[in-house]
Amino acid sequence: MPLFLCCGREGEGLEHVSVHSDAAGGPVVGLYLTAPSLAVAERSALAVCRRALSAHTELEGFAVVSCGAVMVPQYWDRLALWDEGGRTVPLHGPSHQESPHPF
């Protein structure tokens with residue numbers, strides 16, 4: 001969702017945003033971040049969400065109810081592998097317009 005993706009700042013590691021508007025209990029926003037720890041990922045995710053809620057009138061009435069992070073090491077380990085041409089999938093930052101993901 002561009003409303004959240006555009007609120008990521010350089011260094012926060014925001015890669016991808018997934019929105020589940022029909023989740024039980026209300027909408028759920030999933031942020032995929034690269035971070036050195038879960039604590040850093042949680043702080044970055046909360047900061048991005050707060051920025052999005054403040055910056056976009058389309059999100060008026062929504063609030064952050066909870067914020068947490070989970071580690072998915074197998075996925076990121078695979079993407080972070082280097083071969084002779086560089087990373088299997090290059091990292092993506094807010095300054096890049098195109099997504100590096102093949103899906």
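Readers should treat all values here as calculations from the given coordinates under stated rules, not as data from a laboratory. Since we're looking at a predicted model, the values are computed, not measured.
Compactness check for segment 1-67: Cα Rg over 2.2 N^0.38 Å is 1.05. Distant-in-sequence amide contacts of His16, defined by a placed amide H-H separation under 5 Å and a gap of 5 or more residues or a different chain, comprise Tyr32.
Once the Cα-Cα distance is subtracted from the 0.36 nm per residue extended length, the Arg43 to Val65 segment shows a gain of 6.5 nm.
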